[in-house]
1. Looking at residue 76, is it more than 9 Å from the ligand (Cβ to nearest atom), exposed (fewer than 13 other Cβ atoms within 10 Å of the Cβ) and modelled with pLDDT of 90 or more?
2. Does residue 70 count as touching a residue at least 12 places away in the same chain (Cβ under 8 Å), farther than 19 Å from residue 20 by Cα, more than 10 Å from the ligand (Cβ to nearest atom) and surrounded by 13 or more Cβ atoms within 10 Å (Cβ to Cβ)?
3. Inspect segment 2-11 for any residue being touching a residue at least 60 places away in the same chain (Cβ under 8 Å), within 20 Å of residue 95 (Cα to Cα), in contact with a helix residue (DSSP H, G or I) (Cβ under 8 Å, 6 or more places away or on another chain) and not in a strand (DSSP E or B) and give the result as yes or no.
4. What number of residues within segment 167-184 are at pLDDT below 70 and either in contact with a strand residue (DSSP E or B) (Cβ under 8 Å, 6 or more places away or on another chain) or within 20 Å of residue 101 (Cβ to Cβ) (or both)?
5. Kindly indicate whether any position in segment 39-51 is modelled with pLDDT of 95 or more, out of contact with any strand residue (DSSP E or B) (no Cβ under 8 Å at 6 or more places or on another chain) and part of a loop (DSSP other than H, G, I, E, B).
6. Give me a count of the residues in segment 26-37 that are surrounded by 18 or more Cβ atoms within 10 Å (Cβ to Cβ) and assigned to a helix (DSSP H, G or I).
7. Quick one: which of 10, 23 is more than 8 Å from the ligand (Cβ to nearest atom) and surrounded by 18 or more Cβ atoms within 10 Å (Cβ to Cβ)?
8. Looking at segment 135-155 only, could you name the residues that are touching a strand residue (DSSP E or B) at 6+ places or on another chain (Cβ under 8 Å) and closer than 24 Å to residue 122 by Cβ?
Ligand SMILES: Cc1cc2nc3c(=O)[nH]c(=O)nc-3n(C[C@H](O)[C@H](O)[C@H](O)COP(=O)(O)O)c2cc1C
């Protein structure tokens, strides 16, 4: 996979971030271009495992119908700048988790989408206060990313959507995880 076109400042930004980040191409089936160390820690997959592949590899056999429809709507519609959804994922070792996935578009000044940006967080094994700390870090990452990218003529499109009810979202994720961990789940 050709990662040559990823601006150097974006690469180094990914390497310095404390939260899981992934960057994908806008070409057919959105192959991953970059994943960082926190992504590896969270998912068990490193760059050699996933670069060049679509990130749906994390879903294994989970259906995730609603979440995938939301993501596809975001990918297909230029007017949708960002999406946030929970989605059932599996670590490389097979352990399930509920991923709170944030995605947005990195655009050229002309408005053309250059890259797809995403951040992942295991909401099912976390507490509400950790989620709000993550949200703060994600907001910070997004706001620090913008000036970094200006030099490459890229603007980040879509601000962080806050979760209406953090406690309920975490509770739902735990319920989902309990189902996934229950004996009999494929
Ligand atoms: C940059 C980027 C990161 C993504 N990260 C994840 C992820 O962590 N987990 C996941 O389940 N899907 C992730 N996706 C979404 C899937 O790759 C895919 O777009 C989604 O499953 C909808 O397409 P499908 O219905 O064809 O599978 C990511 C997509 C992009 C572009």
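The values are calculated or read from the model by the stated rules, or taken from the named source; none is laboratory data. This one's a predicted model, so the numbers in the text were calculated from it and none came from an experiment. Counting neighbours? That spans all protein chains shown, and the Cβs are built from the backbone with ideal geometry, glycine included.
1. Judged against the criteria, residue 76 is a match.
2. no
3. Checked segment 2-11: no residue is touching a residue at least 60 places away in the same chain (Cβ under 8 Å), within 20 Å of residue 95 (Cα to Cα), in contact with a helix residue (DSSP H, G or I) (Cβ under 8 Å, 6 or more places away or on another chain) and not in a strand (DSSP E or B).
4. Number satisfying all stated conditions: 0.
5. Taking every residue of segment 39-51 in turn, at least one turns out to be modelled with pLDDT of 95 or more, out of contact with any strand residue (DSSP E or B) (no Cβ under 8 Å at 6 or more places or on another chain) and part of a loop (DSSP other than H, G, I, E, B).
6. Counting residues in segment 26-37 that are surrounded by 18 or more Cβ atoms within 10 Å (Cβ to Cβ) and assigned to a helix (DSSP H, G or I) gives 0.
7. Being more than 8 Å from the ligand (Cβ to nearest atom) and surrounded by 18 or more Cβ atoms within 10 Å (Cβ to Cβ) holds for just one of 10, 23, which is 10.
8. Of everything in segment 135-155, those that are touching a strand residue (DSSP E or B) at 6+ places or on another chain (Cβ under 8 Å) and closer than 24 Å to residue 122 by Cβ turn out to be 138, 141, 142, 145.
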